[in-house]
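The values are calculated or read from the model by the stated rules, or taken from the named source; none is laboratory data. What you see is a predicted model, and the numbers here were worked out from it, not measured in a lab. Please note: Cβ atoms are built from the backbone with ideal geometry, for glycine as well, and neighbour counts cover all protein chains shown. The accessibility values were calculated without ligands, DNA or RNA, using every heavy atom of the protein model including side chains. Shrake-Rupley method; radii C 1.70, N 1.55, O 1.52, S 1.80 Å.
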Amino acid sequence: MNFISNLLPTKKQKPSTQKEEKVLKNNDKTEVSGNSTEAKAAIESLTNGLTSIKDVIAPPSLEVDFSHIKINQTYYRTLFVAGFPRFVNANWLAPLINFDHPLNISMFIYPVEVKEILDDLKRKIGEMEAEVQTDIQKGKIINIDTQVKLEDAHDLQKQLAKGAERFFQFGLYITIASRSEKELNRISQQVQSALGSVMIVSKVASLQMEDAFKTTLPTCTDKLMITRNMDTTSLATTFPFTSSELTSNEGILYGINEHNDSLVIFDRFSLENANSLILAKSGSGKSYLVKLEILRSLMFDTEVIILDPEGEYKTLCETVGGSYIDFSFDSSSKINPFDLAARQEEGENELGLKILSLHSLFKIIMGNLTPTQEAMLDRALVLAYKQKGITVDPNSQTKEPPLMEDLYKVLIGMEQKDALEMASRLEKFIKGSLRGVFDQYSTVDIKNPFTVFCIKELEDELRPIAMFIILDFIWTKVKKELKRRILVVDEAWYLMKHQDSATFLYGIAKRARKYYLGLTTITQDVEDFLNSDHGKAIVTNSSLQILMKQSPAAIETVGKVFYLSQGEKNLLLSAEVGRGLFFAGNNHVAIRAVSSEDEHKLITSKPQDILAQQKEVDIQASIKKELEDNLSQQSSNPQETLEMIQKQEQTSKT
């Protein structure tokens, strides 16, 4: 308090006479001058004790080493490019731009006066020509390096003299960040190897690590000044933002490239595998995009099979003449989970694989099983097939397979406590409320090029079981005949809720390539899907990946799995319906799905559009009825009336 009061001016009493006032004024000046000096000193002392902006943004700790710098708990290392090849292709920075670890890349470009370069070139050309002439006079073989450099110098001199080229100095620096020194060394080696693959030599900025780190900060300050001479054409190849294109001569149209409005035309079967993954929140347009892909794939003789939990594909299926199979209690369509493919591959035991698949199914139906119960179940399954005359011999696998009821009887016949307990868990599917759903011979055969399995009418409890059985049935059929197919699994999170069904879906994703099958996995439960081991494995085994609008809760998980930049995260958070990121191999672009008017009518699932279409149909039906009534009153001849109706309809269409 006393210190603050010393900074304030002292209050004076009013002088009584003019003389006293003059004396006091002179004394005032002395006091103010003295107080001003004290105030400045106090302010400086006070300022030194306060926290500045630099103190706020500065890290708690900083450690500079020979080959790295450590800020808090993060290690940084900066590389500089020391050597370039004689020729490089456009977009040679792609290995760095697409590197699967965050990198800070700084490029410095310094224009150089052409006159100075021409003078230096003239002198350098004279030196090289003199060296060549000396070698010729002495009868020596001309140094090939000198000859190549001389040709390049002549070409550059002509271009600079014409004004077709300009001259620059170019510096390139890369900073790598990591949580541990061991990982930093590994990533540094990978970056150097990636640059080495295009004949570019990079070095660690040893003993200059602090200046090197500052060089890659967004302050536009080059503290290393390690540059390379380049002309305009060479410099243009370093441009890091070349427009990504995913346009090929064959394939289907997925949408419009948001970067440059080019067409995204792609054939998924041209990748390492034809699997695709679509992650998006509800209402973002994922089903719309899949329907577009299906509709266009059908034109290229691709068989499409869909597992539809919500009945979204019925209109499309009926319009294109597909087979719509409604899987429910009252439906005549049945699938026997014990069906065999009757196709033996070398080194594979078809019966053994089927029994393993049935193990997974019955774990979903019965719940957790003890090791003793699993062993009993295995014996019961083998015995159920054996009673039908089916063994590991491929010739016997064409016989009629058993039913779930046969397994139930085998378990009861064992007359053991664990077997009877498993039989009691199966009883509701054989004799109880769920009878007739899973215990009948198969009446379904996939012959139509477009087949949809709908499980909309089933309860949520039965959906994972039904999806597993249908997938297993489809997989069995796929293995029977090699054919170009796409299998769409919508709402895949139903399967991911159970360990065994998730394992089965992952198994299909891993083996689909062998059978010319492309698995399309769609889910809106993004976070749970990516946090599961099988979900991540399916992502790894999907060469085509499409990300659409994401929720704020899931965006960090998505960004971590797909190595998204902050800009790409923001794009996914604010994406409109039908927009997203399209990943194909090492390339990805922002995409906008587009459709024709006729396609839109077939594939839309928006309630407003569906109601508008229904209203339009009702209006057309009402007009037709009114027209028929009017024409029937005008003419008593039925044949004449029919001809008039047809003529009127033709006129309306025209």
- Note on the structure: Considering the range 203-227, residues that are closer than 21 Å to T74 by Cβ and among the hydroxyl-bearing types (S, T, Y), and then whichever is most open to solvent (accessible area, probe 1.4 Å), we arrive at T219
- Tabulated pairs, the range 300-315, first modelled with pLDDT of 90 or more, second part of a loop (DSSP other than H, G, I, E, B) and open to solvent by 10 Å² or more (accessible area, probe 1.4 Å), C-beta under 6 angstrom, 6+ apart or interchain: T302/R484; E303/P449; E303/K483
- Item | Residue list for the range 472-511, filter: crowded, with 20+ Cβ neighbours inside 10 Å, under 25 Å from the mean Cα position of the chain (by Cα) and of a type in the set (S, T, Y) | Y494, S501, Y506
- Unmet criterion (only one of (1) assigned to a helix (DSSP H, G or I); (2) acidic (D, E); (3) buried (at least 17 other Cβ atoms within 10 Å of the Cβ)) for E131: (3)
- In this structure, does G322 turn out to be of a type in the set (G, A, S), in contact with a Pro (Cβ under 8 Å, 6 or more places away or on another chain) and surrounded by fewer than 23 Cβ atoms within 10 Å (Cβ to Cβ)? yes
- Message: Tell me yes or no: at least one residue of the range 265-272 is open to solvent by 60 Å² or more (accessible area, probe 1.4 Å) and either acidic (D, E) or farther than 25 Å from K601 by Cα (or both).
- Response: yes
- Restricting the range 297-319 to residues that are of a type in the set (D, E) and in a loop (DSSP other than H, G, I, E, B), the residue that is surrounded by the fewest Cβ atoms within 10 Å (Cβ to Cβ): D301
- Positions within the range 570-591 being within 20 Å of K291 (Cβ to Cβ), buried (at least 18 other Cβ atoms within 10 Å of the Cβ) and in contact (Cβ under 8 Å) with a residue 60 or more places away in the chain, in sequence order: A575, G578, R579, G580, F582, A584, I591
- Would you be able to say whether some residue in the range 89-103 is touching a helix residue (DSSP H, G or I) at 6+ places or on another chain (Cβ under 8 Å) and more than 26 Å from V201 (Cα to Cα)? no
- Message: Can you go through L289, L295 and tell me which one is within 22 Å of P449 (Cβ to Cβ), touching a helix residue (DSSP H, G or I) at 6+ places or on another chain (Cβ under 7 Å) and modelled with pLDDT of 90 or more?
- Response: L295
- Just one listed residue, out of I522, I538, is open to solvent by less than 20 Å² (accessible area, probe 1.4 Å), touching a Lys or Arg at 6+ places or on another chain (Cβ under 8 Å), touching a residue at least 40 places away in the same chain (Cβ under 8 Å) and over 23 Å from N368 (Cα atoms), and it is I522
- Tally of residues being open to solvent by 10 Å² or more (accessible area, probe 1.4 Å) and closer than 21 Å to M467 by Cα across the range 274-296: 3
- Message: Looking at the range 608-620, I want the residues that are within 24 Å of G283 (Cα to Cα) and of a type in the set (A, V, I, L, M, F, W, C) and have a partner that is modelled with pLDDT of 80 or more and surrounded by 10 or more Cβ atoms within 10 Å (Cβ to Cβ) with Cβ atoms under 8 Å, at least 6 apart or on another chain. Which pairs are those?
- Response: I610/T604
- Among (1) under 30 Å from Q192 (Cα atoms); (2) surrounded by 12 or more Cβ atoms within 10 Å (Cβ to Cβ), which single condition is D120 missing? (1)
- Query: Going through the range 592-604 one residue at a time, which ones are more than 30 Å from F99 (Cβ to Cβ) and in contact (Cβ under 8 Å) with a residue 40 or more places away in the chain?
  - Reply: V594, S595, E599, L602, I603, T604
- Can you name every residue in the range 316-356 that is modelled with pLDDT under 85, farther than 19 Å from E400 by Cβ and in contact with a helix residue (DSSP H, G or I) (Cβ under 7 Å, 6 or more places away or on another chain)? F327
- Message: I'd like to check which helices (runs of 4 or more DSSP H) are fully inside the range 514-618 and have at least 2 residues that are modelled with pLDDT of 85 or more.
- Response: 533-540, 555-562, 566-574, 597-603
- Message: Among the residues of the range 79-101, are any at pLDDT 85 or above, part of a loop (DSSP other than H, G, I, E, B) and small (G, A, S)?
- Response: no
- Message: Any residue that is of a type in the set (A, V, I, L, M), within 30 Å of T175 (Cα to Cα) and either out of contact with any helix residue (DSSP H, G or I) (no Cβ under 7 Å at 6 or more places or on another chain) or crowded, with 22+ Cβ neighbours inside 10 Å (or both) - is there at least one of those in the range 237-253?
- Response: yes
- Message: Taking the condition of being more than 23 Å from T238 (Cβ to Cβ) and either of a type in the set (D, E) or open to solvent by less than 10 Å² (accessible area, probe 1.4 Å) (or both), how many residues in the range 172-189 meet it?
- Response: 4
- Task: Could you identify the single residue in I109, I125, I141, I117 that is in contact with a strand residue (DSSP E or B) (Cβ under 7 Å, 6 or more places away or on another chain) and either at pLDDT 85 or above or outside any helix (DSSP H, G or I) (or both)?
- Result: I109
- Regarding K140, is this residue over 50 Å from the mean Cα position of the chain (by Cα) and either among the hydrophobic types (A, V, I, L, M, F, W, C) or loosely packed, with under 11 Cβ neighbours inside 10 Å (or both)? yes
- Message: Can you list residue pairs whose Cβ atoms sit under 6 Å apart, with the first residue in the range 180-209 being at negative phi and in contact (Cβ under 8 Å) with a residue 60 or more places away in the chain and the second being assigned to a helix (DSSP H, G or I) and surrounded by 13 or more Cβ atoms within 10 Å (Cβ to Cβ)? Count only pairs 6 or more apart in sequence or on different chains.
- Response: A194/P95; S202/Q192; S202/L195; A205/A212
